[in-house]
Amino acid sequence: MSWFRKDKDKDQPLPEPKKVRTEGLWIKCDSCGAIIWKKDLEAGQSVCSKCGFHFKITAAERLKQLFDGGAYQEFAERLRATDPLSFVDQKPYGERLEQARSKTGLQDAIITAEGRIEGRTVVVAALEYRFIGGSMGSVVGEKITRAIERAIERKAPLVIVSASGGARMMEGMASLIQMAKISAALTHLSDAKLPFISVLTDPTTGGVTASFAMLGDLNIAEPGALIGFAGPRVIEQTIRQKLPKGFQRAEFLLTHGMVDAVVPRTEMRDYLSRAFGFFCGPVA
Amino acid sequence: MTPVPQSGERSAWERVQLARHAERPHVVEYVERMFDSFDPVHGDRSFGDDPAILAGFAQFRGRPLMVIGQEKGRDTKGRMERNFGMPKPEGYRKALRVMQLAAKFGRPILTLLDTPGAYPGIDAEERGQAEAIARSLYEMARLDVPIIVVCIGEGGSGGALAMGVGNRILMLENAVYSVISPESCAAIVWRDATRAEEAAEALKLTAENLLGLGMIDAIVDEPADGAQCDWDEAAKLLGDAVERNLAELDKLTPAQLVAERYEKFRRMGGFFEEA
C-alpha cells in the first residue's frame, strides 16, 4: 500500500462546496472593525454594540426611532424640485434628481412629519443624506419652513435632524437663500414661544450648519458626528496643514461651546421628551 | 489694450473678473465718497476686532445711516491685514452688534457685500463660524429698520449672505453673487478648477441672471467700462440708488419693514406641488 494514491478523478470537477449566502447579513463597523449581525445592529438603532459608533441611518429610520411606536404622518411630501438653472455638470440636474428619487424613494432630501414623542405632539424634519448629500435646495428650504409653520399652527415643539453637506449648488442662489428663509421663519417660532431642538448628525456642514442647525434653543449632536462650516478638505487646502484629530467632531463642538450636549442615539427620545417637558410642561 | 466688452454682452466669466478686478473700488472707496462723515466702530465685545469687516456710523446726504461691509484691502499689505475680505466669526458678530445698535436708535442700515466667502480655518471653526453666520441671518430678519443690501463686487456664498438679509437687495452691474465660487464648483463637479469659466456660466451668478430669477430687486449701473475706471462716478451711482430706495422704505412702519422683508424671503425658491 503506497502512502500516496493518484487521484483518478483528478480531472473530474470537485463537488460544489455547500454555500450559505451571507452577503448583506453581516456588517463591519466602520470604526472598530467588529463584525455585527445586521439584525442586531438594526435592533440597536444602528449603533455598534462594541464601540458605540453611530452608523448613518435614513430619514425614515430616524423618524421611526423618534416617534412613539414608530408612527408618524408625513406632510408636504409632494413638493418637487424644479431645475431653474438647467444645470448640467457631469450629468443634468434633472437626471441626478431622478436617480436620487429612485435610490431613496423620496422626492427630495428630507421628510417632514408630525407624530408623538412620549405622548406629546411634535413636528420633526429629518434630512436624508443619501439624497444628493442631504443638500438643501428650494424643496428642503420650503419643507423646513412649512414644518416651522405647522409647529406654530399646532403649538407643537420642533425638531430638525440635520445630515447634510450644505446648500445644493445645482440650484444656485435659490439654494443659498433658503438659509435666510428658514432662519427668518425660526424667529416666528421663537415669538410663539415654542421650543426648537436642532439635532446634528454625521455629517452636518456648510449652509445647513450656518443656518437652522445652529439656531436651536438646544443644539445637540450625536457622538462622533462631523459638524462644521467649511469641510475639512477645504480647510486643509486653505491652511496647507493636517487638521488635529477630533477636529469638527461633536465632542470638539461641545468643548468649544457650540452644542449643548452630545446625546447617543439610544437616549435621544428620552432626552427630547425631558427637554420638551421642561419647556412646555407635562403632556396635556 | 483689448477693448472692454460693453455691458450686456459680457459673459459671466468676464463679470467674475471685473468683480474681482484689482482696481475695482471696495467698501473703503465707497465710504470715502458717499458719506459726509464716517466714524468706524470696532470689535465684537467678546473676542476681538475683525479687520475684514468695516463698520461705522455715517451721514449720508443729510441723514444718519449705519454702514457695514467686507473690505478686501488694496495692496498686498492691506490684503493680508484684511484677510482678503474673508471674515471670521468675530467679524460677523461685530456686524450684528453694529446693526442692532442702529436698530435700537431707528437708523437705517446699508450693507455692502464684497467677499470671496467666510474664512475657512481652524480658528474660525473653533469660534463658531457657522453659528455666527446663522445668528446674523436670524437677527437681521427681525431688525425693525430699513436694511439695504448691495452686492458691490463678489458675493461669496454664506459669507456674503450673512449680511444680506435686507428689504432691498441690489447688485452692481458687474458684481456676482453665488452659492459657491466658480473655481470650487468646477473642482467639485469636474475635479478641475480650471473649468471655472464653464461653472460661472452654469451658476447664473450675474446681476442680470439673478434679477431674472427674482433673487435681487434691482441692478445699479456702473460707469460704462466698469466701476474700476471711475470710482467717483461709481460711488455717485451707488449713492443715488441707496437714496432712492431709502426714500421708498421711509414710507413703511417698523412692523411693516420686518413683515415686508420676511415675505420677500419667504417667497424665494422654485418648486412645484405634484397633484
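Coordinate-derived values only; no laboratory data. Nothing here was measured: the structure is a model prediction, and the numbers come from that model. We place every Cβ from the backbone using ideal geometry, glycine too, and count neighbours over all the protein chains shown.
Going through the stretch A:177-199 one residue at a time, which ones are in contact with a strand residue (DSSP E or B) (Cβ under 9 Å, 6 or more places away or on another chain) and either part of a strand (DSSP E or B) or more than 8 Å from every other protein chain (Cβ to nearest Cβ) (or both)? Result: A:182, A:189, A:190, A:194, A:195, A:196, A:197, A:198, A:199. Checked against (1) surrounded by 13 or more Cβ atoms within 10 Å (Cβ to Cβ); (2) farther than 13 Å from residue A:112 by Cα, residue A:63 passes all but a single condition, namely (2).
Of the residues A:247, A:279, the single one that is surrounded by fewer than 18 Cβ atoms within 10 Å (Cβ to Cβ) and either touching a Cys at 6+ places or on another chain (Cβ under 9 Å) or at the interface with chain B (Cβ under 9 Å from one of its Cβ atoms) (or both) is A:247.
Go through the stretch A:79-104 and give me each residue that's in contact (Cβ under 8 Å) with a residue 40 or more places away in the chain and away from chain B (no Cβ under 14 Å).
First, pick out the residues of the stretch A:79-104 that are in contact (Cβ under 8 Å) with a residue 40 or more places away in the chain: A:79-85, A:87, A:89, A:93, A:96, A:104.
Passing the criteria: only A:104.
Annotation note: Cβ proximity below 7 Å between a residue of the stretch B:117-145 that is farther than 13 Å from residue A:231 by Cβ and a residue that is of a type in the set (Lys, Arg) and not in a loop (DSSP other than H, G, I, E, B) (sequence gap 6+ or interchain) occurs for B:132/B:93; B:141/B:261. Would you check if residue A:174 is buried (at least 24 other Cβ atoms within 10 Å of the Cβ), out of contact with any strand residue (DSSP E or B) (no Cβ under 7 Å at 6 or more places or on another chain), in contact (Cβ under 8 Å) with a residue 60 or more places away in the chain and facing chain B (nearest Cβ under 9 Å)? Judged against the criteria, residue A:174 is a match. Take the conditions (1) closer than 15 Å to residue B:110 by Cβ; (2) crowded, with 22+ Cβ neighbours inside 10 Å; (3) free of Cβ contacts under 8 Å to residues at least 40 places away in the same chain; (4) not charged (D, E, K, R); residue B:210 misses just one of them, which is (1).
Considering each residue of the stretch A:119-171, count those that are more than 14 Å from chain B (Cβ to nearest Cβ), among the small types (Gly, Ala, Ser) and on the phi > 0 side of the Ramachandran plot, and give that number. Residues in the stretch A:119-171 being more than 14 Å from chain B (Cβ to nearest Cβ), among the small types (Gly, Ala, Ser) and on the phi > 0 side of the Ramachandran plot: 2 in total. In this structure, does residue A:202 turn out to be closer than 24 Å to residue A:61 by Cα and either assigned to a helix (DSSP H, G or I) or without any contact (Cβ under 8 Å) to a residue 40 or more places away in the chain (or both)? Taking the combined requirement at face value, the residue does not satisfy it.
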